[in-house]
Amino acid sequence: MLARSMTVQSRTYDYIVVGAGSAGCVLAARLTEDLRTRVLLLEAGGAGGAKEIRIPAAFSKLFKTAVDWNYATEPEPHLYNRRLYWPRGKVVGGSSAINAMIYVRGNRADYDSWRELGNTGWGFAEVLPYFKKSENQERGASEFHGVGGPVNVADPRYVNPLTRAFLAAAEEIGIAGNPDFNGEVQDGAALYQVTQKNGARWSAADGFLLPARGRSNLTLITGAHATRVLMEKKRAVGVAFLRDGVADQARADGEVILSGGTVNSPQLLLQSGIGPADELKAVGISAIHDLPGVGKNLQDHPMVSVGYFCTQKISLDGAETLGNFLRWLLWKNGPLASNVAEAGLFLRTRVGLTVPDLQLLFGPAYYRGHGLVRRKEHCFGFGPTLITPESRGEISLRSANPLDAPAIRANYLATVADLRTMIAGVRLARRLAHAKAFDAFRGEELHPGAAQESDAEISNFLRNELETLYHPVGTCQMGNDALAVVDARLRVHGIEKLRVVDASIMPRVPAGNTNAPVIMIAEKAADMIRAGA
Ligand SMILES: Cc1cc2nc3c(=O)[nH]c(=O)nc-3n(C[C@H](O)[C@H](O)[C@H](O)COP(=O)(O)OP(=O)(O)OC[C@H]3O[C@@H](n4cnc5c(N)ncnc54)[C@H](O)[C@@H]3O)c2cc1C
């Protein structure tokens with residue numbers, strides 16, 4: 001565990017990094033490899049000692065606790081005005097300390113599309129070395145994988161029999177097995193590889209920050225909520241923050257780097273007077289720099305849970321026992337080593353698609369309402385997820401108070417194509433559930449319920465039940481057009497000495513999970529910063 005805060009040795013640093021999440025941990029570790037470089041890392045959350053962070057199967061127990069920003073969207077117009085809960089990590093390690101640990105990079109075409117949008121250096125061939133650099137792939141090195149890096153990528157230590165049935169069901173309905181979602185092709189079904197080491201979560205803090213924490217040139221302050229970037233004209237010179245509620249500030253001779261994530265980085269830019277001038281004026285902030293794209297281009301992967309009763313008592317729903325806890329504690333295996341979403345598949349729902357538009361997760365457990373709703377019966381469920389969304393939302397300020405949560409409008413299911421893919425996903429889940437492989441386990445369909453058959457009924461179910469798969473990106477997008485916030489070196493357009501390095505810079509959400517891509521982005525950013533580029 002990290003010490004709660006390390007002593008502040010000086011008030012001026014070369015770099016101030018805001019946010020010790022997936023990206024911030026990488027930056028702090030890589031930039032301080034040069035012992036002459038002084039880095040201050042500010043983290044609003046705490047050091048993160050909870051056992052639920054370490055125990056893989058316990059991740060949903062972290063929701064709505066002190067390690068979670070506990071956001072909610074505005075009423076979603078296409079989801080019957082429901083407000084959706086959005087967990088985000090508020091702790092050293094950020095969302096990598098509360099996530100589901102799936103190690104998936106997306107499709108190579110995602111990164112090629114970033115390059116095609118004018119972002120030189122971000123094509124797949126150029127980012128692959130950074131994925132590999134960050135990785136310690138337990139299967140060994142290959143064309144697509146690295147060893148010796150800080151992110152430990154492991155095959156699961158525990159696989160539930162229902163998950164084996166899922167893989168058999170996929171094969172039965174003609175979906176081929178894929179030995180590596182991060183290899184040559186993405187399509188197919190497989191067990192997920194996970195960011196775990198020896199059966200415990202391995203967050204970005206474990207991999208990057210812990211090994212660097214003894215360096216005298218790295219200062220970490222926890223409980224430090226950044227409220228504003230300090231500006232001199234159009235140059236960033238430092239950060240104002242509240243440290244355990246008390247106002248403080250630090251200066252950066254080199255750069256200020258925002259790594260607060262997709263919700264908080266645009267919020268901090270806006271609070272600092274960098275964003276759409278008219279919107280800033282409306283909340284009483286005068287614009288230092290009119291940058292219309294800040295907070296726009298919000299994209300996320302929506303997911304819905306299609307659930308079944310299980311006729312045998314073998315799911316993870318009965319896993320929370322003292323015996324299993326001791327088993328995990330002593331040997332780091334058994335059901336508590338499960339990341340719950342143990343397997344999945346990638347699939348194209350329509351002929352003519354060049355890449356998968358659907359990821360379907362499988363969990364040998366009841367997972368509805370983010371795992372916060374519990375049942376006493378054993379269940380299993382499928383999570384069809386749209387991974388190439390057309391819908392775009394935005395993040396904006398509610399007020400000039402930096403402690404007020406920003407307004408989040410995800411705008412899920414705003415297009416017919418998005419809805420169509422999700423309907424196909426629900427139907428696919430049912431086909432899998434009705435494969436022979438599940439005959440020994442399949443009980444009644446819990447949700448949507450077997451009677452809900454037509455497209456209209458499934459649409460209604462989706463609008464009532466759709467949730468986030470926790471992959472929001474894009475609110476400080478990289479590019480050169482009118483809505484771009486950072487350039488291909490992740491420098492904020494029109495402002496000196498200020499970068500954004502986190503999930504918010506993605507121009508398009510990758511067709512897969514987002515933790516590995518964020519770590520890749522930060523690895524590449526650290527290289528660019530160290531090279532003075
Ligand atoms: C519940 C959940 C499950 C997920 N499952 C997976 C998965 O299985 N696989 C996968 O690949 N991805 C998953 N993700 C997504 C992935 O974890 C994120 O995309 C990734 O961690 C984002 O990295 P980031 O650096 O952009 O932001 P974060 O990791 O969220 O880090 C931002 C950090 O900045 C801090 N911060 C924010 N504002 C301030 C401020 N003003 N002052 C100081 N500090 C601040 C935050 O407290 C946080 O520590 C999941 C996410 C969640 C929430």
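Determine whether L270 is surrounded by 20 or more Cβ atoms within 10 Å (Cβ to Cβ), out of contact with any Leu (no Cβ under 6 Å at 6 or more places or on another chain) and aliphatic (A, V, I, L, M).
For L270, the condition - surrounded by 20 or more Cβ atoms within 10 Å (Cβ to Cβ), out of contact with any Leu (no Cβ under 6 Å at 6 or more places or on another chain) and aliphatic (A, V, I, L, M) - is not met.
For N333, which of the numbered conditions (1) at pLDDT 95 or above; (2) touching a Gly at 6+ places or on another chain (Cβ under 7 Å); (3) part of a loop (DSSP other than H, G, I, E, B); (4) within 18 Å of E467 (Cα to Cα) fails to hold?
Result: N333 fails condition (4) only.
Counting only residues that are over 25 Å from K61 (Cβ atoms) and either surrounded by 16 or more Cβ atoms within 10 Å (Cβ to Cβ) or without any contact (Cβ under 8 Å) to a residue 40 or more places away in the chain (or both), how many does region 351-369 have?
7
Please go through region 485-508 and pick out each residue that is surrounded by fewer than 24 Cβ atoms within 10 Å (Cβ to Cβ) and either near the ligand (Cβ under 10 Å from one of its atoms) or among the hydrophobic types (A, V, I, L, M, F, W, C) (or both).
A488, I495
Going through region 436-450 one residue at a time, which ones are more than 20 Å from M303 (Cα to Cα) and in contact with a strand residue (DSSP E or B) (Cβ under 9 Å, 6 or more places away or on another chain)?
F438, F441, R442, G443, E444
What are the residue pairs meeting all of these: first residue in region 507-533, first residue farther than 16 Å from A109 by Cβ, second residue part of a loop (DSSP other than H, G, I, E, B) and more than 13 Å from the ligand (Cβ to nearest atom), Cβ atoms under 7 Å, and 6 or more apart or on different chains?
Final answer for the pair search is M528/R489; R530/D34; A533/R489.
Can you tell me how many residues in region 40-75 are in contact with a Ser or Thr (Cβ under 6 Å, 6 or more places away or on another chain) and under 30 Å from Q249 (Cβ atoms)?
Number of matching residues: 4.
I'd like the residue in region 27-52 that is open to solvent by less than 10 Å² (accessible area, probe 1.4 Å) and of a type in the set (V, I, T) and, out of all such residues, is farthest from the ligand (Cβ to nearest atom).
T32
Pairs please, first residue from region 370-386 and of a type in the set (A, V, I, L, M), second anywhere and part of a loop (DSSP other than H, G, I, E, B), Cβ atoms under 8 Å, 6+ apart in sequence or on different chains.
If the second residue must be part of a loop (DSSP other than H, G, I, E, B), the pairs left are L372/F63; L372/K64; V373/Y366; L386/H301; L386/D357.
Being open to solvent by less than 40 Å² (accessible area, probe 1.4 Å) and within 8 Å of the ligand (Cβ to nearest atom) is true for just one of G238, G260. Which residue is that?
G260
What number of residues in region 75-127 are more than 16 Å from the ligand (Cβ to nearest atom), touching an Asp or Glu at 6+ places or on another chain (Cβ under 8 Å) and more than 21 Å from G479 (Cα to Cα)?
Residues in region 75-127 being more than 16 Å from the ligand (Cβ to nearest atom), touching an Asp or Glu at 6+ places or on another chain (Cβ under 8 Å) and more than 21 Å from G479 (Cα to Cα): 2 in total.
When region 515-533 is examined, which residues are found to be open to solvent by 10 Å² or more (accessible area, probe 1.4 Å), more than 11 Å from the ligand (Cβ to nearest atom) and within 28 Å of Q196 (Cα to Cα)?
K524, D527, listed by residue number.
Taking region 189-219, which residues are in contact with a helix residue (DSSP H, G or I) (Cβ under 8 Å, 6 or more places away or on another chain) and away from the ligand (no atom under 12 Å from the Cβ)?
Within region 189-219, A189, A190, L191, K197, G199, A200, G207, P211, A212, L218 meet the criteria.
So which pairs qualify, if the first residue must be in region 85-97 and in a strand (DSSP E or B), the second must be more than 6 Å from the ligand (Cβ to nearest atom) and of a type in the set (F, W, Y), the Cβ gap must be under 7 Å, and the two must be at least 6 apart or on different chains?
Taking only residues 6 or more apart or on different chains, the pairs are W86/Y71.
Given the criterion assigned to a loop (DSSP other than H, G, I, E, B) and either of a type in the set (S, T, N, Q) or more than 15 Å from V306 (Cβ to Cβ) (or both), identify the matching residue among A414, A450, A437, A456.
Result: A414 is the single residue among A414, A450, A437, A456 that is assigned to a loop (DSSP other than H, G, I, E, B) and either of a type in the set (S, T, N, Q) or more than 15 Å from V306 (Cβ to Cβ) (or both).
How about region 475-498: which of its residues are over 20 Å from E126 (Cα atoms) and in contact with a strand residue (DSSP E or B) (Cβ under 8 Å, 6 or more places away or on another chain)?
T475, C476, A484, V485, V492, H493, G494, I495, E496, K497, L498
Residues L403, L386, L345: which one is within 16 Å of the ligand (Cβ to nearest atom), over 16 Å from E465 (Cα atoms) and either crowded, with 22+ Cβ neighbours inside 10 Å or at pLDDT below 95 (or both)?
Only one candidate qualifies: L345.
Of the numbered conditions (1) within 15 Å of the ligand (Cβ to nearest atom); (2) within 26 Å of L291 (Cα to Cα), G512 satisfies every one except a single condition; which is it?
(2)
So G334 ticks every box in (1) in contact with a Pro (Cβ under 7 Å, 6 or more places away or on another chain); (2) open to solvent by less than 10 Å² (accessible area, probe 1.4 Å) but one. Which box is left unticked?
The one condition G334 does not meet is (1).
Counting only residues that are in a loop (DSSP other than H, G, I, E, B) and closer than 16 Å to T468 by Cβ, which one in region 348-383 is modelled with the lowest pLDDT?
The extreme case among them is V373.
Kindly evaluate D418 against the criterion of being within 24 Å of the chain's Cα centre (by Cα), open to solvent by less than 10 Å² (accessible area, probe 1.4 Å) and among the charged types (D, E, K, R).
Judged against the criteria, D418 is a match.
Within region 53-74, which residues are part of a loop (DSSP other than H, G, I, E, B) and more than 9 Å from the ligand (Cβ to nearest atom)?
I55, K64, T65, A66, N70, T73, E74
Within region 301-322, does at least one residue satisfy the condition of being more than 26 Å from A429 (Cβ to Cβ), touching a residue at least 12 places away in the same chain (Cβ under 8 Å) and open to solvent by 20 Å² or more (accessible area, probe 1.4 Å)?
no
Please specify each residue of region 492-506 satisfying the condition of being touching a residue at least 60 places away in the same chain (Cβ under 8 Å), in a helix (DSSP H, G or I) and aliphatic (A, V, I, L, M).
Matches in region 492-506: A503 only.
Scan region 100-107 and give yes if some residue there is open to solvent by less than 40 Å² (accessible area, probe 1.4 Å) and of a type in the set (D, E, K, R), otherwise no.
yes
The values are calculated or read from the model by the stated rules, or taken from the named source; none is laboratory data. Given the structure is predicted, the values throughout are model-derived calculations rather than measurements. Here Cβ is always computed from backbone atoms with ideal geometry, including for glycine, and neighbour counts include all displayed protein chains. Each accessible area value is taken on the protein alone, full model and side chains, heavy atoms only, with ligands, DNA and RNA left out. Shrake-Rupley method; radii C 1.70, N 1.55, O 1.52, S 1.80 Å.
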